[in-house]
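Quick notes on the structure that follows.
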Amino acid sequence: MTMDKRYNVEETEKKWAKKWVENKTYEFVETKKNYVIDSPPPYPYVSLHAGNFFNFAYQDFVARYKRLRGFSVLHPWGWDCHGLPAEIFIEKKYGKTAEKIGIEAFKELCEKHILENIENIRENQAQVIGMSVDWSKQYATMTDDYKTRVQKSFLEMVKKKYVYRKEAPVSWCVSCHTAIAEAQTDKIERETNFYHINLPLKNKKGSITIATTRPELMPSCVAVFVNPKDERYKEFIGEIVKIPFFGQEVKIIADEKADPEFGTGAVYHCTFGDKTDWEWVVKHKLPIIKSIEENGKLNENTKFLKDLTVIQARKKIVEKLEKEGLLFETKKTNQTINSCERCKTPLEILIKKQWFFATTKLVKEIAEASDKMKWHPSFAKQRLLDWNNNVAWDWVISRQRYWATPFPVWYCEKCDETIFANEKELPINPSKKIKKCKCGKNALPETDVMDTWMDSSISAHHVSQWLSKERKNRLSDLRSQGEEITKTWLFYTIARCLAYKKKLPFTDVLINGMVQGTDGKKMAKRSTNMILPEELFKKYSVDAYRQWVGKSMPGEAWPINPSEMEYSQKFLTKIWNTSRFIEQHLKNGKPKLDNFADKWIMNTYHALISKVTKHMDSFEWGLSLESLRNFLWHEFADYYLEMIKYRIYNNTKNSDESKKVLKTILSGTLRMLSPFTPFITEEIWNNLYNEESIHHQKWPKTEDSDEKILKQGDDLKTFISALRTWKTNNKLGLGKELSNVVIYASKKNVEHFTDDLKGTMRIKELTIEEKTAGTRINEKFGFSVHKV
RNA sequence: GGGCUCGUAGUCUAGUGGUUAUGACGCCGCCCUUACAAGGCGGAGAUCGGCGGUUCAAUUCCGCCCGAGCCCACCA
């Protein structure tokens, strides 16, 4: 087959994306040398975003590289189906909620939508970018086998006491009606009123002025705190305050955490304003007075505020305080509050019975595990450790929602006994099965469901099922993910696998940075810097997009760069044309290296293999791709091809050897490029070598390169460059013949390449003189053109 | 406020304790040389963020400062 004059990008990329799937090119066949990738299962209810594609390219670089290095690569694909974001999406799209149409009907709707969308995303997005995935190893977290695995691990961890249920403060979204994990909270900054309120002392005259943004929590006040070093309040410590309207008598307590600089320096402590409040409850053994209910309204403890929302209650109590003359001052202040990541409603802290995963118990183990892993880049580890060391509360794993994996649990309506499902019953929806307690009474199903991260944090365990035997110390080899989910997916996975299996989930962690817009800011859906990857595939090509990703380094923020993609696109043309040239001069066999140019380029090529191999092994994409491109374009094409044309066109001495060199180097370079640009390399391979897929070939072997020859090659290039400059300055075409040229150099430095220089620069007669004269090039060399 | 990363021609970027600091885009000039004008060749363009320190020698190592990005904490 003769290669077309132009590379038809669109057609070729479409063709191979389809063929690879049809031919099962990336099928996993287990051998002794397996490489397992724990890849991030994307959300299948919406289209993939720029961050997904960036990460996909990262995984795929590794998968393809390891395959060439002789590993059987298990590169599966998962879909992370459950969760609140999915519910919100479905509610909006179909205008139906679980409350309106019933939980089961709503779940069916979710499942139907997701099934349809999975097909769509796989064909139109995932396969388009050429993921080298074994599509028979596809999993979805909503299927029975996955849910079984999640429930089984839950039961196991209950046994091992890593999972427990207790009353504890949780961040609660009154709008989504669910507890929210720390990781799923958002900060919003807003201006609010800072109320300075006088609280009268019980046993003394006078009052203490506290500052609060939450006056409506006054019915829940159980203490007042001041800093022990605060001179203003020294005499108040130990005094009793009588709370207006509600009548509690609370103590004034000294605690370091009360900041003298903030507000009035005196804080009234309520159930619950913030995290410090919980610490104080525990430390000072304070009572709890609930005042806010799940729906966000105040309860009977709040007397005249009952049934009001937080906002309404605040207004009412402020009015009352003003009337009674207890409101000392109202100031504006800027405040950052925790809000629900999805609906932005400010979160309340409530006391609830929830299921918890004991992440705080695992802090040490997680740190030790992270020491056993190789981190790319190394600073990514610090991010995880920072988070690990700062986790204050255990992970709340229950959600008061619907579309998620159910807890396989019932509670006795009488004796409060917890009843767990048998392993054989899994997966189970407790609402669909009646259980009896051993006391004979009925048991009620748990209606809470699991946090979605409970599903995805055992992905490493799930993918390990495709190995005939689970490995001893680790479940998979590589985790490739974005830095933004360090504190969730990465942290939870390590914690879960340690708690459940006492195994490392993986040994290598590859972190990709954030995709930025052309403005250097994080690319966000709602921001104007948003560019869809699909637009880039269309405007440039997938291979160009993948090169843009390939130019990045692990952990680095990476801005969309159109000029980089244009360059990448041109590089594809360069590969294509270089290959077309070689196609005309194909010659098989191992070259015999008599000619200097041949020796030089082969040595350069060997140095390249070593360099690229080293970089690929440490996932340094940018350096690998850079070296490959520079070699192919600026050494191989710009110099070597020009150096040998005179021989292969005239069929002179050694021309066949050069042709063998051409084929050898192109073949190896294509293979090394194939992880980055799988489409064009496959197409050329198919045209030129007509063998099996390039993606089933072997990575080129590293061989020693001779430093001396590389240096001599530089000298030859120096002469070529100098003569090119001379021709340009004298307005001569580069093809113009020069009849007589003298070069000044010591003979031993140049004699090995004079034939190459003559041929490349079309010099008829070339003489060497030891004495430096004529146009000086550098310390060693000079030249003069005597006759054109 | 804390942590991490980064700062190299107009723009993006490689790299290094020691010759003339890499490559690309853009700009200028020459050339349709039988792979390629989506190209080739050549040229101009950088006090390597600033200030100190270590050193015979710093763009490179250290400290401080300034600027950018991301993450965390910003509370009553």
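Every number in this text was worked out from the coordinates using simple rules, so none of it is lab data. This structure is a prediction, so every number in the text was calculated from the model and none was measured. All Cβ positions, even for glycine, are placed from backbone atoms using ideal geometry, and neighbour counts span all protein chains on display.
Worth a mention:
- A simple spin-label model places pseudo-atoms 7 Å from Cα toward Cβ; at A:Lys112 and A:Leu586 they are separated by 5.4 nm.
- Estimated vicinal HN-Hα couplings, Hz - segment A:132-141 in sequence order (Karplus 6.51, -1.76, 1.60; Gly, Pro = x): 8, 9, 7, 6, 7, 9, 10, 9, 10, 6
- Taking each residue as 0.36 nm, the span from A:Lys15 to A:Phe379 lengthens on full extension beyond its C-alpha to C-alpha distance by 127.0 nm.
- With a simple spin-label model that places each label point 7 Å from the Cα along the Cα-to-Cβ direction, the separation between A:Trp393 and A:Lys5 comes to 7.0 nm.
- Cβ-based charge dipole, chain A, positive-most Cα from A:Trp77, A:Phe106, A:Ile709: A:Ile709
- Sequentially through segment A:43-57, phi angles give Karplus couplings (6.51, -1.76, 1.60; θ = phi - 60°) of 6, x, 8, 10, 5, 6, 10, 3, x, 4, 5, 4, 5, 4, 4 Hz, Gly and Pro residues having no value and appearing as x.
- Compared with the dominant principal axis of the Cα atoms in chain A, helix A:707-729 is inclined by about 80°.
- Environment charge of A:Ser618, counting only residues whose C-beta is closer than 11 Å and scoring Lys/Arg +1, Asp/Glu -1: -1
- A protection proxy built from the mean count of other Cβ atoms within 10 Å ranks the segments A:496-508, A:378-390, most packed first, as A:496-508, A:378-390.
- The distance from the alpha carbon centre of segment A:598-617 to that of segment A:696-748 is 19 Å, rounded to a whole number.
- Too-long pairs where the Cα-Cα distance tops 23 Å, listed order kept, from A:Lys166/A:Lys285; A:Lys152/A:Lys469; A:Lys18/A:Lys663: A:Lys18/A:Lys663
- Extension gain, A:Glu703-A:Lys436: 0.36 nm per intervening residue step, less the Cα-Cα distance, totals 89.0 nm.
- Shape parameters for chain A, alpha-carbon atoms, Rg then Dmax in Å: 34.9, 114
- Compared with the alpha-carbon gap, the fully stretched path from A:Met530 to A:Glu293 is longer by 81.3 nm at 0.36 nm per residue.
- Where a label projected 7 Å from the Cα of A:Thr507 along Cα→Cβ would reach, residues of segment A:344-381 with amide N under 17 Å: A:369-376
- Most to least packed among A:129-142, A:586-599 [average Cβ atoms within 10 Å]: A:129-142, A:586-599
- For A:Thr178, residues with placed amide H under 5 Å, excluding near neighbours: A:Cys173
- The dipole here belongs to segment A:404-510: it is taken about the Cα centre, uses +1 on the Cβ of Lys and Arg and -1 on the Cβ of Asp and Glu, and is about 580 debye.
- Computed over segment A:522-581, the P(r) curve from all C-alpha pair distances, binned at 5 Å from the origin, holds 4, 18, 23, 22, 19, 7, 4, 2, 1, 0 percent per bin.
- A:Trp685 sits among other residues whose Cβ lies under 11 Å from its own Cβ, and their net charge, with Lys and Arg +1 and Asp and Glu -1, is -3.
- A protection proxy built from the mean count of other Cβ atoms within 10 Å ranks the segments A:283-290, A:54-61, A:481-488, A:681-688, most packed first, as A:54-61, A:681-688, A:481-488, A:283-290.
- Lysine pairs meeting the criterion (Cα under 15 Å, 8 or more apart or interchain), as found in segment A:68-138: 6
- Theoretical FRET efficiency, 1/(1+(r/R0)^6), r = Cβ-Cβ of A:Leu732 and A:Glu765, R0 22 Å, to 0.05: 0.85
- Cut-off under 5 Å, modelled amide H: who pairs with A:Phe328 long-range: A:His196, A:Ile197, A:Asn198
- For chain A, the longest principal axis of the Cα atoms and the long axis of helix A:363-372 meet at an angle of about 10 degrees.
- Under the simplified labelling scheme, the A:Tyr94-A:Asn124 pair shows an inter-label distance of 1.9 nm, with each label point 7 Å from Cα along Cα→Cβ.
- Neighbours of A:Lys161, meaning other residues whose beta-carbon lies under 15 angstrom from its beta-carbon, give a summed charge of +4 when Lys and Arg score +1 and Asp and Glu score -1.
- Here the alpha carbons of segment A:343-396 define both size measures, Rg and Dmax, at 14.8, 40 Å.
- Amide H to amide H distances under 5 Å link A:Glu769 with A:Ile743, A:Tyr744, A:Ala745, where only residues 5 or more positions off or on other chains count and H is placed in the peptide plane.
- Under the convention that each Lys and Arg Cβ holds +1 and each Asp and Glu Cβ holds -1, the size of the dipole of chain A around its Cα centre is about 740 debye.
- When each of A:Lys472/A:Lys501; A:Lys424/A:Lys472; A:Lys24/A:Lys66; A:Lys160/A:Lys502 is checked by Cα-Cα distance, pairs over 19 Å: A:Lys424/A:Lys472
- Centroid-to-centroid separation of segment A:62-97 and segment A:396-467 [C-alpha atoms, Å]: 24
- DSSP-defined beta bridges in chain A - what % are antiparallel, rounded to 5: 70
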